[in-house]
Amino acid sequence: NTADLLAAESALAQRQAELDSLVSQRDYLSNQVDLATLSVSVIATTDAAPTSQSFWDGLSQGWSALVNAGSVFVVALGFLLPWLAILAVIAFAALVIIWLSIRASRRRHESSTPEE
């Protein structure tokens, strides 16, 4: 009968929608797994740390660390120098504007006060 046919067709449409939803979800999760791939490589090295260190070895390593820190400081200074120059020009312009406005304000104040 027609009612049974409509009920079966409705159930079939609902199952098809669930299937489409599950297929879409599977594809999404598959892409997420593909993006989450992690590769790890472990390489054994033959370089071993020295077993005994003297004062001079420590001094040498300290000097190397100081030189490395100095080179990092120089690179950072080279990076910041153009920015600092631009900021200095802007600050100088702002100070000149402030100085001129204070000077003009004083002149107006002096000209508005009567002489005794």
**Fill in**
Heads up, the chain by the C-alpha gyration tensor (a ≥ b ≥ c square roots of eigenvalues; a/c under 1.5 rounded, else a/b over b/c prolate, else oblate) looks oblate
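Rounded to the nearest 500, what is the chain's calculated 222 nm mean residue ellipticity when only DSSP H runs of at least 4 contribute -39500 (n - 2.57) each, over all residues?
-29500 deg cm²/dmol
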**Asked** At a Förster distance of 35 Å, what's the computed FRET efficiency of Ile97 paired with Leu77, Cβ-Cβ distance as r, to 0.05?
**Response** 0.75
**Prompt:** Which of the listed residues, Gln25, Ile98, Ile43, is farthest toward the dipole's positive end in the chain, when Lys, Arg count +1 and Asp, Glu count -1 at the beta-carbon?
**Reply:** Ile98
**Inter-centroid distance (Cα atoms) of the stretch 1-51 relative to the stretch 72-96, Å** = 53
**Asked** Per-residue HN-Hα couplings for the stretch 85-92, Karplus 6.51 cos²θ - 1.76 cosθ + 1.60 at θ = phi - 60°, whole Hz, x for Gly and Pro?
**Response** 5, 5, 5, 5, 5, 5, 5, 5
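Bear in mind these aren't lab numbers, they're just calculated from the coordinates by the rules spelled out. Owing to the predicted nature of the structure, the values given are computational and were not obtained by experimental measurement. Note: ideal-geometry Cβ built from the backbone for every residue, glycine included; neighbour counts use all protein chains shown.
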